[in-house]
Each structure stands twice: as C-alpha cells, then as structure tokens.
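Here's the structure, in structure tokens; my notes come after.
The values are calculated or read from the model by the stated rules, or taken from the named source; none is laboratory data. The structure displayed is predicted, hence computed values, not measured ones. Quick reminder, even Gly has a Cβ in these numbers, built from the backbone with ideal geometry, and neighbours come from all protein chains shown.
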Amino acid sequence: MNLSRTSAIAIFAVAVLIVTGVYVLSGGMLDSGGDAGSSAGGQETVPPAPVQTTVAGTTIIRTTMPTPSPTALFALSSTTSPTPTPQKRPVMFTLFSGTPVNCGLTCRETSATITNTGDEVAHSVCVVLEVFNENGERIFINSAPSIERCLGDIGGGESRSETITIHADCGFLAGKCIGHTLILKTRATSIERTQAFQDSYIVV
C-alpha cells in the first residue's frame with residue numbers, strides 16, 4: 001500500500017515536470033517566432049530610406065547617386081570666321097568722245113567709246129545724243145529730235161565704240177547754227193541706270 005502510494009506520487013511529479021517543460025518551451029517559441037522565421041528564411045536586404053529635408057514647407061528627398069565620370073560634352077572648334085565676300089560694284093559708265101570731224105557745213109562725225117566700270121553686267125545699253133544751240137533752241141539731227149544708238153549688253157569692265165555722224169537741221173539758211181555754238185548732250189541708258197555725261201561744244 002505504501003509502495004503504491006509512493007509510485008503514484010512519483011508519477012504525478014514526473015507528469016507535472018513534463019507539463020511545465022512543455023509550457024516553458026512553447027512560450028519561448030511563440031515569443032521568438034518572428035526572429036526565428038526571419039533567420040530561418042534568410043536575411044532580407046532593406047534599402048536605406050531616403051533622407052528627407054524640409055525647406056519652407058517643401059519636402060526635398062535626397063538620394064545618393066553615383067558620380068558620373070567626366071565626359072567632354074562639347075569640343076571647341078578651331079575653324080576661323082569666313083572672309084567676307086567683297087560687294088560687287090554697280091553698273092557705272094564713262095564716255096570718251098574724240099574730236100568731231102567736219103563732214104560738211106552742218107555735218108560732224110565723231111567716235112565715242114562707252115565703258116561699264118562696274119562689276120555687274122549692264123543690260124540693253126543705248127547712247128542718246130541731242131543738240132541745242134546756246135540759246136536753248138533744239139536742233140534736229142538726222143531729221144529727228146535725237147540720235148539713239150543701242151549697243152546691247154556690256155559686261156563689267158567692258159567697252160563698246162560707235163562712230164556717229166550728225167547732220168544738224170539748222171532751219172532756213174541754217175540760221176539756228178551759223179554763227180552759233182552747238183551744245184552736244186549725251187547720256188547712256190540701260191536697265192540698271194541712266195547716266196548723263198559732260199556736254200561737248202561745237203562752234204559753227
């Protein structure tokens with residue numbers, strides 16, 4: 001009877017120890033469940049949180065970026081400025097008239113050379129001649145108020161020569177010419193310009 005009681009007490013004590021141990025072990029596992037799961041599943045790399053800076057109500061998020069290697073964005077050009085192209089001189093005329101030669105009482109013959117001293121082409125060049133006496137009276141020449149000789153186009157620096165015969169219509173008994181000084185007026189015309197030349201004087 002005593003032996004059975006002693007055995008029962010021993011069995012009871014062992015049972016209490018087993019229950020207490022299970023309880024203690026289960027409580028520790030529950031407390032360390034998060035860490036255990038974390039260590040068991042492997043460590044996770046958590047990226048660093050960006051640094052926030054507040055300036056006057058504005059939040060600026062700064063993130064460290066790798067410094068790029070220096071790169072030449074632009075290469076300085078060593079070319080020089082182009083030389084400006086000289087401007088072409090416009091059309092301009094000069095006229096050289098030889099000494100008139102008598103071909104009759106009221107007839108004169110002269111050779112004229114006209115030159116385009118410009119760099120551009122003068123188009124449709126004509127030479128126009130008119131005659132007046134010193135009183136301002138117009139003298140018809142070759143039965144017309146004027147003589148016109150057209151020479152075509154004259155390039156820059158080029159010249160044209162023309163021999164012109166002038167028959168003055170001096171009226172009754174040549175009263176507008178005899179004893180008078182005749183004034184020969186000459187001008188050149190082209191599409192680009194019209195230019196008058198110095199007057200020539202013929203004493204009859």
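Before moving on, here are some points about what is shown:
- Members of the range 179-195 found to be more than 39 Å from the chain's Cα centre (by Cα), at negative phi and surrounded by fewer than 18 Cβ atoms within 10 Å (Cβ to Cβ), listed by number: T181, I183, K185, R187
- Residues that are closer than 20 Å to A196 by Cα, free of Cβ contacts under 8 Å to residues at least 24 places away in the same chain and among the small types (G, A, S) within the range 78-121 comprise just one, G98.
- Checking V203 against (1) among the β-branched types (V, I, T); (2) over 13 Å from F132 (Cβ atoms); (3) free of Cβ contacts under 8 Å to residues at least 60 places away in the same chain; (4) surrounded by 12 or more Cβ atoms within 10 Å (Cβ to Cβ), the condition it does not meet: (4)
- Qualifying residue in the range 178-190 (condition: in a strand (DSSP E or B), in contact with a strand residue (DSSP E or B) (Cβ under 7 Å, 6 or more places away or on another chain), more than 26 Å from M92 (Cβ to Cβ) and among the β-branched types (V, I, T)): yes
- Filter result (farther than 24 Å from S124 by Cα and either touching a residue at least 12 places away in the same chain (Cβ under 8 Å) or part of a strand (DSSP E or B) (or both)) within the range 155-177: H167, A168, D169, C170, A174, K176, C177
- So D153, is it among the charged types (D, E, K, R) and either at pLDDT below 95 or more than 30 Å from R89 (Cα to Cα) (or both): no
- Positions within the range 162-178 being surrounded by fewer than 19 Cβ atoms within 10 Å (Cβ to Cβ) and more than 59 Å from the chain's Cα centre (by Cα), in sequence order: D169, G171, F172, L173, A174, G175, I178
- Meeting the requirement of 2 or more residues that are within 22 Å of G179 (Cβ to Cβ), the strands (runs of 3 or more DSSP E) wholly within the range 84-154 are 101-104, 107-116, 122-133, 138-141.
- Matching residues, the range 153-173, being under 15 Å from R138 (Cβ atoms) and of a type outside the set (D, E): I166, H167, A168, C170, G171
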